[in-house]
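Visitor: Can you read through this structure? Questions will come right after.
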Amino acid sequence: MSAPNKSYDPVEVEALKPEEIERMRDEALAAFAAAGDLDALAQAKTAHTGGTSPLALANREIGALPPQAKAASGKLVGMARGAVSKALAARQTELEAERDDRVLVEEAVDVTLPYDRVPAGARHPLTTLSERIEDIFTAMGYEVAEGPEVEAEWFNFDALNISPDHPARGEQDTFFVAGESGKSDSGVVLRTHTSPVQIRSMIDRAPPVYVICPGRVYRSDELDATHTPVFMQVELLAIDEGLTMADLKGTLDHMVVSLFGEGMKTRLRPNYFPFTEPSAEMDMVCYVCRGESVGNPDRPCRTCSSEGWIELGGCGMVNPKVLTSVGVDPQKYSGFAFGFGIERMLMFRHNVEDMRDMVEGDIRFTRPFGMEI
Amino acid sequence: MRVPLSWLREYVDLPASETGRDVQAKIVDTGLEVETVEQLGAGLKGPLVVGQVLTIEELEGFKKPIRFCTVNVGMANGTGEPQEIVCGARNFAVGDKVVVVLPGAVLPGDFAIAARKTYGRTSHGMICSGDELGMGDDGSHGIIVLPPEHEAGTDAIALLELVDEVLDIAVTANRGDCLSMRGVAREAAIAYGLPLRDPALLDVPAPNSYGYLVKVADPSGCDRFTARTVVGLEPEARSPIWLQRRLQKAGMRPISLAVDITNYVMLELGQPLHAYDRSRIDGPIGVRRAEQGEKFTTLDGTKRVLDAEDLVITDNRGPIGLAGVMGGANTEIADAVADPETGAVRGTTEVVVEAAHFDPLTIARTARRHKLPSEASKRFERGVDPQAASAAAQRTVDLLVLLAGGTAEAGVTEIIAPSAPRTIAMRADHPDKVAGVEYGRETVVRRLQQVGCDVYGQDDLVVTVPSWRPDLAEVNDLAEEVIRLEGYANLPSTLPTPPSGRGLTERQRLHRRVGRVLAGSGYVEALNYPFIGETVLDQLGFDADDARRRTVKLVNPLSDEEPALRTTLLPGLLTALRRNHGRGSHDLALFETGLVFRPTGQEQKPLRLPVGRRPTDEEIASLDASLPRQPRRAAVVLAGAREQAGWWGRGTPAVWSDAVEAARTVVREAGVELIVRSDRHAPWHPGRCAALYVDIAGEETLVGHAGELHPRVTKTLGLPERTCAMELELDLVEQASTGALQAPRISTFPVATQDVALVVDAAVPAADVETALREGAGELLESLRLFDVYESEQLGEGRKSLAYALRFRAGDRTLTVEEASAARDAAVALAGERTGAVLRGA
């Protein structure tokens, strides 16, 4: 390095000759262009832009020039250094992009790999089907009412116009809770339907009463493919002024349309229940064949056995005797009720062949049903 | 009730083209539930004829006796020659009339008949049994031997009425009248709008004083008693084929002529009848309540001890019948017995016919008390037309005279307790209001008249109901008659408007959330039966005085092994876990929410409350006091891997902490903090059992337990090793819920993080250290997390190190290092004071 030119003598500095600066610049640009990867570029960077690079050294020589020459040389060197650093940045970006492309390709994974680290859980389809039915009615303004499963006979039978000697009482296959003597005189049973919840609802609330009563009920049947002694029922009760059987029909129709889609409808057939008068059996159109299998042997329907209708459950206008027993004036109020077991509905809605599958808790049965139904 | 279509047509002129299915559709619409229509003789094709056995040759040398017969079949075989037939039955003799099926015929079940070689001979047809003809088994399994009057060669298909349709009707408990041809015929007549030929419209002689003496001591139990006597019966007389066939088609077995006739009339008119062998009755017939403990043998041979409420028919000796339920062995009609030497037939020659009406409740109770449901009791329980009694007696007498060669005695006994016709006052528009349809007065009156009511009045109707419809007692009963006959199918469909609702309750919403969050955490819901037995309580290792041993017990459980209701959800869930494991699923996480049944020991027998008025609040309280506590609980069980191994690395087994975490997950849904303490509680591992608490109104309340099951329990129950479980009382958790969550304030100033490692005695619960740190750190602490726990030789025996990351942040400024450090030091100091914790390395 030359010493500072304090004498301000015009000095010839070899390194600051324009052609020399041009050469240094071109060498740098060539080196960058030749750098095949980021490492090589880093070396070229040190060589051509570092503190000991020719252009850096030339820059220092500017101080040795007389003041009147500094400006011109400074400009020359500055321009050369600017071009070099621009070229470096460009090459850097270029090489980084190349590297990134390469690395991202190398980092590629098989996105089809399965991931069952914690297998999904599921809710039981009877629970979710029950909730779905509840939701249809809560959307209309009904309340969901619940009650005890071990229930006093008065709620389960007497208040429903099933007197102790009523033939229907014997037909319900009741589980009796043992009294102190171990006999069936405790006055307490496992509820045979959710109707006692209707009774409790009418006792708890002043009319109008619009409730839906889902829950577990018990009948002493043996478990087989189509029966289970413990099953889920959904019952509905509406008590208001001026309610009619047409309202019952409309409510049933609304439910089957909500559950099974447009065009579904119900049919009522006369029947007898002590707690309703008039009473009816309710059927819905077979949602699979929509009745088209009837009298059409070429298109048999397994779901409805080509009957065109599927039996749902029982319904009717609340017997005025029942209203009287809960303190509702039958002269002023009337009401309707219906009830059905949802195991059967699950069977035909989801093609379940054996009711035992709903009972045994096998995860292979329940898991596919997920969170909602 | 089985109703042969051919029989039904005797009372209603149904169009000839109507099939059983047509009739089914028609009467289902108006209210009778026809479950099936059975096609009798479907596919049956002749020739099937009457034959007379000419010769019988016994064939020897076969495993069973075989007969080679020649049978005269008239000209049915085209030649008039005797037909050669091989037969394996033995209940016939030369000269008997039998039923012969000839080659070319097809029997029910697609059984084509052809000549075939058998037992070394050629059989040109078959001598038939009732089974083979689809007539139903008569109990003998032998071939049919016809009465001698039928000509050989006569078509037997018509003779035996083999082709018919039978409607099987499920009669509801209120329609006793439809347990008879008369009642079903009336419904069919109404459905078709045709007149009914009422079989109860008979000429009946007026009662007189010289009939069989009857004394009714209990007119409330028996409001009508008709007795008629027929003498000179021929004991050898048999039921004609038509009578036997009608009984068979209706599902009853022909027995003897007198019994068949009473059964036939019961089927026809719905009136149960009883025929006593007059020679075996001693003195007048009485009707009274039994004496408590009185003994009596019914005709099924069972000795019965009577209750003071039972109604009995008596003679001088005592009971001769359990009224309306079953007759006695002592006056039973004798079987006809032929004297083997003379051939003379001995049997009953004189009968007293009883047609009575009994109180339905009395009969129902007696039938139930003696577990003796009979055709008679079934009808009396559901209501019999009292005014049909004398007609039924008359019809029985007529048939005995006609078919058994008897002579009716002129005496007619009839004891009738006075009663007025039953009337109901009803507004003429009441059916309209029930249905939501404007039928109009005229329709209402017409329909009521159709079912047999007399109707008077304009807007206010007075309706007299017919004697055969005891079920018509209230205005809605009448409304139903109108609506069903007008057709349920014609009801419009309207929607009522309930008052605006509030959706689900908090309890219901929590219940749903818990199900969803557990399913979202990988648990699969199982809905298990709540039945348990003593065994599982032992297997779970419950102490003798464990509250969970106090169970609700059933009188009639499905299985004697499981006579009680669950007090905990675990038995059912563990059974489901074991079942899944046994079926090859080993990584299991199951949950259930449901009621358990916890007797308080304070249950009282409920009052017998009346109906017809609202019970008082005290009365309702008495009913509720008879019930056990029935809280809703939630439980999970886990076994195998919680996280599976896979390409991502190793799996993790389900461990105690997963069970505790399940509790946190559940409790979090209620917006409540779970407090965990170590505990010893069956069926959990004594060193790996957490007691779960929540704060209810300032009280720390135990809600459940979680952890790993006791190894002894897993072994005894056959569960996978290290099965874990959690159970808690959801209803308590809900009570702990404090309502709407208060939103946290979010600071955007930078966080200051400080890690501390504290050494404590191994027995110090981490929860205590954490509580102290939180309290000591004060308000600047944003969060705290335990990120490592370890023990080492360096720390010393019985010591452990707990490493926490503390994050500090202020809401209004950037914290200085000094502020953060001061807060940390305060936290460590309080932890040290409370738990003896020291900073590691300090």
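The values are calculated or read from the model by the stated rules, or taken from the named source; none is laboratory data. Computed from a prediction, not measured in an experiment: that's the story for all the values here. Ideal geometry is used to build each Cβ from the backbone, glycine not excepted, and the neighbour counts take in all protein chains shown.
Visitor: Does at least one position in region B:811-819 carry a residue that is of a type in the set (A, V, I, L, M, F, W, C) and under 21 Å from B:VAL838 (Cβ atoms)?
Guide: No, that holds for no residue.
Visitor: Grab the helices (runs of 4 or more DSSP H) fully contained in region B:322-425, keeping just those with 3 or more residues being over 40 Å from the mean Cα position of the chain (by Cα).
Guide: B:389-404
Visitor: Search region B:155-199 for residues being touching a helix residue (DSSP H, G or I) at 6+ places or on another chain (Cβ under 8 Å) and in a strand (DSSP E or B), and hand back the single one that is farthest from B:TRP7 (Cα to Cα).
Guide: B:ILE169
Visitor: Would you check which residues across region A:238-257 are assigned to a helix (DSSP H, G or I) and either at the interface with another protein chain (Cβ under 9 Å from one of its Cβ atoms) or in contact with an Asp or Glu (Cβ under 9 Å, 6 or more places away or on another chain) (or both) and list them? Talk me through it step by step, then tell me what you get.
Guide: Taking region A:238-257 as the starting set, the residues that turn out to be assigned to a helix (DSSP H, G or I) are A:245-257.
Matches in region A:238-257: A:MET245, A:ALA246, A:ASP247, A:LEU248, A:LYS249, A:GLY250, A:THR251, A:LEU252, A:ASP253, A:HIS254.
Visitor: Among the numbered conditions (1) more than 14 Å from every other protein chain (Cβ to nearest Cβ); (2) hydrophobic (A, V, I, L, M, F, W, C); (3) assigned to a helix (DSSP H, G or I); (4) buried (at least 17 other Cβ atoms within 10 Å of the Cβ), tell me where B:VAL434 comes up short.
Guide: Tallying (1) more than 14 Å from every other protein chain (Cβ to nearest Cβ); (2) hydrophobic (A, V, I, L, M, F, W, C); (3) assigned to a helix (DSSP H, G or I); (4) buried (at least 17 other Cβ atoms within 10 Å of the Cβ), B:VAL434 fails exactly one: (1).
Visitor: Now for a separate question. Could you identify the single residue in B:THR314, B:THR342 that is without any contact (Cβ under 8 Å) to a residue 40 or more places away in the chain and over 25 Å from B:PRO284 (Cβ atoms)?
Guide: Exactly one of B:THR314, B:THR342 is without any contact (Cβ under 8 Å) to a residue 40 or more places away in the chain and over 25 Å from B:PRO284 (Cβ atoms), namely B:THR342.
Visitor: Between B:GLY584, B:GLY533, which is more than 8 Å from chain A (Cβ to nearest Cβ) and at positive phi?
Guide: So the residue among B:GLY584, B:GLY533 that is more than 8 Å from chain A (Cβ to nearest Cβ) and at positive phi is B:GLY584.
Visitor: Name the single residue, out of those in region B:537-566 being in a loop (DSSP other than H, G, I, E, B) and aliphatic (A, V, I, L, M), that is nearest to B:CYS724 (Cα to Cα). Give the derivation first.
Guide: Going through region B:537-566, the residues in a loop (DSSP other than H, G, I, E, B) turn out to be B:540-546, B:550-552, B:555-563, B:566.
Okay, now just the ones that are also aliphatic (A, V, I, L, M), so B:540, B:544, B:552, B:555, B:558.
On the way: B:LEU540: 13, B:ALA544: 23, B:VAL552: 27, B:VAL555: 34, B:LEU558: 29 Å.
Residue satisfying both the conditions and the ranking: B:LEU540.
Visitor: Could you tell me whether any residue of region A:258-274 is closer than 18 Å to A:THR138 by Cα, modelled with pLDDT under 95, of a type in the set (A, V, I, L, M) and surrounded by fewer than 21 Cβ atoms within 10 Å (Cβ to Cβ)?
Guide: Yes: region A:258-274 contains one or more residues that are closer than 18 Å to A:THR138 by Cα, modelled with pLDDT under 95, of a type in the set (A, V, I, L, M) and surrounded by fewer than 21 Cβ atoms within 10 Å (Cβ to Cβ).
Visitor: Still on this structure, please answer the following. Do we have A:THR276 as more than 17 Å from A:PRO148 (Cα to Cα), in contact (Cβ under 8 Å) with a residue 12 or more places away in the chain and either within 11 Å of chain B (Cβ to nearest Cβ) or of a type in the set (Asp, Glu) (or both) here?
Guide: Judged against the criteria, A:THR276 is a match.
Visitor: Tell me, which strands (runs of 3 or more DSSP E) lie completely within region A:275-372 with 3 or more residues that are among the aliphatic types (A, V, I, L, M)? Step through it out loud before you land on a result.
Guide: Details: elements: A:276-285, A:309-318, A:334-341.
Fully inside region A:275-372 and qualifying: A:276-285, A:309-318.
Visitor: Among what's in region B:456-484 and is more than 22 Å from B:ARG182 (Cβ to Cβ) and part of a strand (DSSP E or B), pick the residue that is farthest from the other protein chains (Cβ to nearest Cβ).
Guide: Here the residue is B:TYR456.
Visitor: Take the residues in region B:594-615 that are over 30 Å from B:GLY515 (Cβ atoms) and in contact (Cβ under 8 Å) with a residue 12 or more places away in the chain, then tell me which one is farthest from the other protein chains (Cβ to nearest Cβ). I'd like the intermediate steps shown before the answer.
Guide: Our first condition is that a residue be over 30 Å from B:GLY515 (Cβ atoms); within region B:594-615, this holds for B:601-615.
Narrowing further to those that are in contact (Cβ under 8 Å) with a residue 12 or more places away in the chain: B:601-607, B:609.
Values: B:GLY601: 11, B:GLN602: 13, B:GLU603: 8, B:GLN604: 10, B:LYS605: 6, B:PRO606: 4, B:LEU607: 8, B:LEU609: 5 Å.
Filtering region B:594-615 for residues that are over 30 Å from B:GLY515 (Cβ atoms) and in contact (Cβ under 8 Å) with a residue 12 or more places away in the chain, the one farthest from the other protein chains (Cβ to nearest Cβ) comes out as B:GLN602.
Visitor: Working only within region B:1-46, note down all residues that are over 30 Å from B:ALA376 (Cβ atoms) and part of a loop (DSSP other than H, G, I, E, B).
Guide: Answer for region B:1-46, where residues must be over 30 Å from B:ALA376 (Cβ atoms) and part of a loop (DSSP other than H, G, I, E, B): B:ASP13, B:PRO15, B:ALA16, B:SER17, B:GLU18, B:THR19, B:GLY41, B:ALA42, B:GLY43, B:LEU44, B:GLY46.
Visitor: I've got another one for you. What are the pairs with Cβ atoms under 9 angstrom where one residue, in region B:22-35, is in contact (Cβ under 8 Å) with a residue 40 or more places away in the chain and within 11 Å of chain A (Cβ to nearest Cβ) and the other, located anywhere, is assigned to a loop (DSSP other than H, G, I, E, B) and surrounded by fewer than 19 Cβ atoms within 10 Å (Cβ to Cβ)? Sequence gap at least six, or different chains.
Guide: If the second residue must be assigned to a loop (DSSP other than H, G, I, E, B) and surrounded by fewer than 19 Cβ atoms within 10 Å (Cβ to Cβ), the pairs left are B:ASP29/B:GLY487; B:THR30/B:GLY487.
Visitor: Determine the pairs where a residue that is farther than 23 Å from A:VAL209 by Cβ and at the interface with chain A (Cβ under 7 Å from one of its Cβ atoms), located within region B:487-502, has a partner that is modelled with pLDDT of 95 or more and assigned to a loop (DSSP other than H, G, I, E, B) with Cβ atoms under 8 Å apart, the partner being 6 or more residues away or on another chain.
Guide: Note: pairs meeting the criteria are B:PRO492/B:GLY436; B:PRO492/B:VAL437.
Visitor: Could I ask something else about it? Can you report the number of residues in region A:54-82 which are over 18 Å from A:ALA30 (Cα atoms) and either of a type in the set (Val, Ile, Thr) or not in a helix (DSSP H, G or I) (or both)?
Guide: 3
Conditions (1) loosely packed, with under 15 Cβ neighbours inside 10 Å; (2) out of contact with any helix residue (DSSP H, G or I) (no Cβ under 9 Å at 6 or more places or on another chain); (3) touching a residue at least 24 places away in the same chain (Cβ under 8 Å), marked per residue:
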residue	(1), (2), (3)
B:ASP695	yes, no, yes
B:VAL733	no, no, yes
B:SER737	no, no, yes
B:ALA743	yes, yes, no
B:VAL760	no, no, yes
B:ALA766	no, yes, yes
B:GLU775	yes, no, yes
B:LEU795	no, yes, yes
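Visitor: Shifting gears a bit: Scan region B:503-518 for residues that are without any contact (Cβ under 8 Å) to a residue 12 or more places away in the chain, part of a helix (DSSP H, G or I) and at the interface with chain A (Cβ under 7 Å from one of its Cβ atoms) and jot them down.
Guide: Here is the first cut: in region B:503-518, the ones without any contact (Cβ under 8 Å) to a residue 12 or more places away in the chain are B:503-505, B:508-509, B:512, B:516.
Adding the requirement that they be part of a helix (DSSP H, G or I) leaves B:508-509, B:512, B:516.
Hits for region B:503-518 are B:GLN508, B:ARG512, B:ARG516.
Visitor: Just the residues that are over 17 Å from B:ILE27 (Cβ atoms) and among the polar types (S, T, N, Q), please, taken from region B:465-500.
Guide: Within region B:465-500, B:SER467, B:ASN476, B:SER493, B:THR494, B:THR497, B:SER500 meet the criteria.
Visitor: If you check A:ARG169 against the conditions, is it touching a Gly at 6+ places or on another chain (Cβ under 6 Å) and either facing chain B (nearest Cβ under 7 Å) or within 18 Å of A:LYS321 (Cβ to Cβ) (or both)?
Guide: For A:ARG169, the condition - touching a Gly at 6+ places or on another chain (Cβ under 6 Å) and either facing chain B (nearest Cβ under 7 Å) or within 18 Å of A:LYS321 (Cβ to Cβ) (or both) - is not met.
Visitor: Further, regarding this structure: List pairs: first in region B:411-427 and surrounded by 14 or more Cβ atoms within 10 Å (Cβ to Cβ), second of a type in the set (Phe, Trp, Tyr), Cβ under 6 Å, 6+ apart or cross-chain?
Guide: Listed by first residue and then by second, the contacts come to B:GLY411/B:TYR210; B:THR413/B:TYR212; B:ILE415/B:PHE225.
Visitor: Using the structure shown, decide if A:ILE363 is in contact with a Ser or Thr (Cβ under 9 Å, 6 or more places away or on another chain), β-branched (Val, Ile, Thr), closer than 30 Å to A:PRO207 by Cβ and in the same structural domain as A:ASN161 (by TED's automatic domain parsing).
Guide: In short, no.
Visitor: Looking at A:VAL230, A:VAL188 in this structure, which one is among the β-branched types (Val, Ile, Thr), within 9 Å of another protein chain (Cβ to nearest Cβ) and in contact with a Ser or Thr (Cβ under 8 Å, 6 or more places away or on another chain)? So that I can check it myself, show each step before the final result.
Guide: Details: A:VAL230 fails: in contact with a Ser or Thr (Cβ under 8 Å, 6 or more places away or on another chain).
When all the criteria are applied, what remains is A:VAL188.
Visitor: Scan region A:150-161 and tell me whether some residue there is surrounded by 20 or more Cβ atoms within 10 Å (Cβ to Cβ), facing chain B (nearest Cβ under 7 Å) and more than 30 Å from B:LEU361 (Cα to Cα).
Guide: Within region A:150-161, none of the residues are surrounded by 20 or more Cβ atoms within 10 Å (Cβ to Cβ), facing chain B (nearest Cβ under 7 Å) and more than 30 Å from B:LEU361 (Cα to Cα).
Visitor: Would you check which residues across region A:180-230 are closer than 17 Å to B:PRO557 by Cα and in contact with a Gly (Cβ under 7 Å, 6 or more places away or on another chain) and list them?
Guide: Those that are closer than 17 Å to B:PRO557 by Cα and in contact with a Gly (Cβ under 7 Å, 6 or more places away or on another chain): A:ASP185, A:SER186.
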